[in-house]
1. All but one of (1) open to solvent by 80 Å² or more (accessible area, probe 1.4 Å); (2) touching a Ser or Thr at 6+ places or on another chain (Cβ under 6 Å) hold for ILE445; which doesn't?
2. Looking only at region 26-51, count how many residues are open to solvent by 20 Å² or more (accessible area, probe 1.4 Å) and within 17 Å of the chain's Cα centre (by Cα).
3. Scan region 246-266 residue by residue and report those that are open to solvent by 50 Å² or more (accessible area, probe 1.4 Å) and of a type in the set (D, E, K, R).
4. Out of PRO248, PRO243, report the one residue that is out of contact with any Lys or Arg (no Cβ under 6 Å at 6 or more places or on another chain), in contact (Cβ under 8 Å) with a residue 12 or more places away in the chain and either over 29 Å from LEU434 (Cβ atoms) or among the basic types (Lys, Arg) (or both).
5. Could you check how many residues of region 235-245 are out of contact with any Leu (no Cβ under 8 Å at 6 or more places or on another chain) and either under 18 Å from PHE264 (Cβ atoms) or open to solvent by less than 60 Å² (accessible area, probe 1.4 Å) (or both)?
6. So which helices (runs of 4 or more DSSP H) are wholly in region 1-111 and hold at least 3 residues that are in contact with a Leu (Cβ under 8 Å, 6 or more places away or on another chain), at pLDDT 95 or above and of a type in the set (A, V, I, L, M, F, W, C)?
7. Regarding region 41-64, can at least one residue be identified that is touching a His at 6+ places or on another chain (Cβ under 9 Å) and under 30 Å from LEU239 (Cβ atoms)?
8. Hey, could you check region 377-436 for residues that are over 18 Å from ARG461 (Cα atoms), of a type in the set (A, V, I, L, M) and open to solvent by 50 Å² or more (accessible area, probe 1.4 Å) and say which is modelled with the lowest pLDDT?
Amino acid sequence: MRRPEWLTRDYLTIDSRSLGAGRIGLGLVLLLDLLRRISVLPLWYSNLGLLPNHTVLWRPPFPRAFSLFFMASLPSEAAVGFVLCAVAYLMLLFGNRTRAAHLASLIAVLSLHGRVLFVQNGGDVVLVELCVWTLFLPTGRRFSLDSLRARRAIVPPDDGPVVSLAALAVVVQLAVIYFFNALQKSGPTWRGGGAVHYTLYAEGVVTKLGVWVRGWLTLGQSRLLTWSTLTIESILPLLILTPVGRRPARRLAIALMVGLHLGFASFLNLGIFVPAMLAFTPFLVPAADWDALERWWRRRQTKEGDAARGDGIRLRALQALAFLERRGFLRLDPRPPKPAQWREWLRTWSGPLREWTVALLIVCATARLLVDNPAVTRVNARRQPRIVAATTSYLQMLQAWLLFAPDAPLTDAAVAVDAVTTDGRHVDPLNEALSPEQPWLGTVIPARLGQNAFAAAYMLRIPFHPEYFGALTEWILGYPDRTERPADRIVSFEVTALERDNPPPDQHEPGETRARLLYKYPQ
């Protein structure tokens, strides 16, 4: 059945330059995600850390999990996996063997995230979903080594617009994230305008700027910021999906997205959430804007001296490619190889197979969306087909969009360890590791712990998962091995969950901290 022309033009078509820029953005965010995990590799990716393999495999945080990092026990073994991930991400970034690099990058990011699902957040899910949907798009057609290789071939490359269901999936996924986040912010902190104020008292993730701002933030200013956030999240789905005034609507959507998420990053450490969301923006740039940018660039090149500089840059680029070709790093043979019979078959059927695969994933993601947001959709999770649960779980395509919803946090929580060493000193190994900017010992949550997103998630979740207490005990008792001081041997300790009420919008002093003993050693 033939698709309506408006559907193909407005929703299924994406410019190859947007795909190229989006691939570069995705590659950079993947590398950033990898870099932020390097410093915490021993803590989260080895049996010397808080989530050892034997604990996570025996008591997985989700029923279905996939990660090649389950094969790594020591930090050095996990480091090898990190290097392989970096190779895949760099190949994707530069567009060398792009399709293979994209598939390798998806396996890499699924493995990195799947190993530490217990401490993941919404940003990790967003990054994986962007990687999944763009896997089915030819992101190497422009701004890539593959495109340079193709331009030297006898047959000219196809770098025109791309028509695919995956193009629709990318923009609809982005619109869904904003729509459900806005729809589910229905609590009194959002309606009353105090959500921003309460959020700034999340000591685990608040930034230095956030601490400074909350010191003088009034109720009126909090209402302005809260309702502005809610308004932007509400109108972004309309701007992203509207077929009317598509070019200015997409421009406005990109501007609002950048402003909204830079605001988030200024006040809160949300892990990879902000870069992952901004990585969607290149896919929203319409072809007309790319044409205007190219016209501007050509006019710039016609100015005196610019043409010569451009020729010099192109000459150096060609020299660099020739050097890489001589060293065997690139194959830029202009003679196209004679395709084998199986390649001809694959070329004929790859398009339909790809589109059917995308269609099935869209069905699975839609079903998961209905299940993961029962407060809005009223769908019973037990009615979810097993194939939907398995597909979306293994691909980490979760669809619960509840960032600070339905309410901003009215309380703050942390975990304290009071450990006694052989020489009688009291230490807190957990907060020394998770709060490096402000290690603390006591029963009162201090201002701004300076934790990363992994540590903040662990602090909030560990009190409700006693199946991980054994791993925490092993890690605490390993304190002298990490400090390399025999006097730091732990003879006893208590693990306590702390909670306190955040101040109301017209005040700035938090309530008293409440303590609840989780367990002690020895029993």
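1. Among (1) open to solvent by 80 Å² or more (accessible area, probe 1.4 Å); (2) touching a Ser or Thr at 6+ places or on another chain (Cβ under 6 Å), ILE445 violates only (1).
2. Step one: list which residues in region 26-51 are open to solvent by 20 Å² or more (accessible area, probe 1.4 Å), which gives 28, 31-32, 35-36, 38-39, 42-43, 47-48.
Add one more test, that the residue is within 17 Å of the chain's Cα centre (by Cα), and what stays is 28, 31-32, 35-36, 38.
Residues in region 26-51 being open to solvent by 20 Å² or more (accessible area, probe 1.4 Å) and within 17 Å of the chain's Cα centre (by Cα): 6 in total.
3. ARG246, ARG247, ARG251, listed by residue number.
4. Working: PRO248 fails: in contact (Cβ under 8 Å) with a residue 12 or more places away in the chain.
None of the other options fit; the residue is PRO243.
5. Within region 235-245, the first condition is being out of contact with any Leu (no Cβ under 8 Å at 6 or more places or on another chain), and the residues that meet it are 237-238, 241-245.
So of that shortlist, the ones also either under 18 Å from PHE264 (Cβ atoms) or open to solvent by less than 60 Å² (accessible area, probe 1.4 Å) (or both) come out as 237, 241-242, 245.
So the answer is 4.
6. Details: elements: 16-38, 41-44, 53-58, 75-94.
Counting at least 3 such residues, we get 16-38, 75-94.
7. The answer is no, given that none of the residues of region 41-64 is touching a His at 6+ places or on another chain (Cβ under 9 Å) and under 30 Å from LEU239 (Cβ atoms).
8. In this case the residue turns out to be ALA381.
The values are calculated or read from the model by the stated rules, or taken from the named source; none is laboratory data. As the structure is a prediction and not an experimental result, all values here were calculated from the model. With ideal geometry, Cβ positions are generated from the backbone for all residues, glycine too; neighbour counts draw on all protein chains shown. Calculation scope for accessible area: heavy atoms of the full protein, side chains included, ligands and nucleic acids excluded. Shrake-Rupley method; radii C 1.70, N 1.55, O 1.52, S 1.80 Å.
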